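Here the structure comes first, spelled out in structure tokens, and everything after it is commentary.
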Ligand code: PHE
């Protein structure tokens, strides 16, 4: 059955949407605090190597799976192999796991728009830190903002991919980029900023462990929106005229650029304020407002725009997560878009309520020893995305016919892709074992062993019962 598929409005529309999916809280909230916790530049170097050797190739693979079949994640993989249907199912589960905590942080960003105009930047860096701690551990405020964030997702995804997503991304992504440059300049000119730069750019490998590699790999996948079918789904909406490798490179460069810029905006200021880099998830909500506080009246203006732009960056990512589930329900379960969106939204709301309350109201879970927020985060980022990416590479390299791929990637021979053989070799021979090795070393090393084992058990069960999945 040939279904006419909705396409992106324009070339720029697709790049912005895919970059919108990639650039989000992963770059501005997550990348800097992981860098801080994992010792700085050595972590960044490993992350960059993974992005170049693994990330770009997996993105090209995802785009080709989606566009060649015209189907979203689950359908695309099923088209090529019933044996690997579980990989699509893993993608849907990953989308739920990430959307079990992402709206919580998205809600924090929204709340900080209001904080920006109600006196946050008149406080000392220490008081700004306390404000954040008090806010996220509360029972009602963070829940309300999280629900607002989720409601925005529901509104946009219910309208379909073209109307909402493209328009918002076109204006606010460039705004965010420019703002980060401004913040970086202010941050770099604070007294004592130099230490931050050497933290970012002078590698210290004595802090590197198996854990560091797993964290860097997870971050590469998370930040590029890979390993769970978001880029397969977006690729399925892409017109046959576009070149896939070129788009993958543009999206990757933008994504890495924003992450590095976020690091440059934060670490010089962090050291200038005399803080330690291991601030954890509060980093962006504490350090950046500290920089705005140094700007006088302009700080309020910049701060407000920054948190609006951060919220939109988060939204353009979270809608792509929601779209993975929704397009599965539409393509494979014949559901209507609206119904699929509302059902998905309710489940995500329940998960996010638990995650938000785990920041203060609930303690850690028994046996697993982590809170719900961390549980969703670790399962998605350290287990599902990496293994998902490994299986996507295996399907692409070993199941899909090589000539089909060559045709897809060169638009039937009309465009050139000089590195096709290199790409195919990486996808087939290098990437699957590389991810496997990183996963093994990471598991040996990680503190949250129980969570990792739970995740691997779920993946194993899915793989065993793959044939039973639709
Ligand atoms: N890449 C997004 C971010 O950095 C998160 C994301 C992960 C989106 C996986 C889609 C799929 O915030």
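Please work out the Cα center distance from the range 413-461 to the range 111-183, rounded to the nearest Å.
33 Å
Modelled label-to-label distance, residue 117 and residue 198, 7 Å Cα→beta-carbon offset: nm?
Rounded to a tenth, the inter-label distance reads 4.3 nm.
Decide, for the range 55-206, between rounded, prolate and oblate: order the square roots of the alpha carbon gyration tensor eigenvalues as a ≥ b ≥ c, take rounded if a/c falls under 1.5, and otherwise choose prolate if a/b is larger than b/c, else oblate.
Values: a/c = 2.10, a/b = 1.55, b/c = 1.35.
The shape class here is prolate.
Residue 175 to residue 338: extension gain in nm, 0.36 nm per residue of separation minus the Cα-Cα distance? Spell out each step's value before the answer.
Numbers: separation 163, 0.36 × 163 = 58.68 nm, distance 3.09 nm.
Here the segment from residue 175 to residue 338 would lengthen by 55.6 nm.
When the helices in the chain are scored as -39500 (n - 2.57) per DSSP H run of 4 or longer and the sum is shared across all residues, what 222 nm value do you end up with, to the nearest 500 deg cm²/dmol? The partial results should precede the final answer.
On the way: 23 runs with 324 residues, N = 470.
Mean residue ellipticity at 222 nm (helix-derived): -22500 deg cm²/dmol.
Return one number: the angle in degrees, 0 to 90 and rounded to the nearest 10, between the long axis of the Cα atoms of helix 102-117 and the longest principal axis of the Cα atoms of the chain.
That works out to roughly 30 degrees.
What is the fewest-to-most order of 120, 270 by other Cβ atoms lying within 10 Å of their Cβ?
Sorted ascending by nearby Cβ count, the order is 120, 270.
What FRET efficiency comes out for the pair residue 362/residue 159, r = Cβ-Cβ distance, R0 = 25 Å, nearest 0.05?
Values: r = 35 Å, r/R0 = 1.40.
After rounding to 0.05, the efficiency reads 0.10.
Tell me, 444, 464, 44 in order of fewest to most beta-carbon neighbours within 10 Å? Spell out each step's value before the answer.
Numbers: 444 13, 464 10, 44 24.
So the ranking, lowest neighbour count to highest, is 464, 444, 44.
With axes computed from alpha carbons, what is the tilt in degrees of helix 297-333 against the longest principal axis of the chain, rounded to the nearest 10 within 0 to 90?
Orientation of helix 297-333: about 20 degrees from the principal axis.
Just for the Cα atoms in the chain, what are the lengths along the principal axes, largest first, rounded to whole Å?
Extents along the principal axes: 61, 49, 48 Å.
Give me 316, 35, 449, 118 ranked fewest to most by other Cβ atoms within 10 Å of their Cβ, as a rough exposure proxy. Can you show the working numbers first?
On the way: 316 25, 35 28, 449 13, 118 10.
Result, fewest neighbours first: 118, 449, 316, 35.
Note the angle between two axes, namely the Cα long axis of helix 385-394 and the longest principal axis of the Cα atoms of the chain, as a number of degrees from 0 to 90, rounded to the nearest 10.
Approximately 30 degrees, to the nearest ten.
No lab work stands behind these numbers, since they all come straight from the coordinates. This one's a predicted model, so the numbers in the text were calculated from it and none came from an experiment. For neighbour counting, all protein chains shown are included, and Cβ atoms are generated from backbone atoms with ideal geometry for every residue, glycine included.
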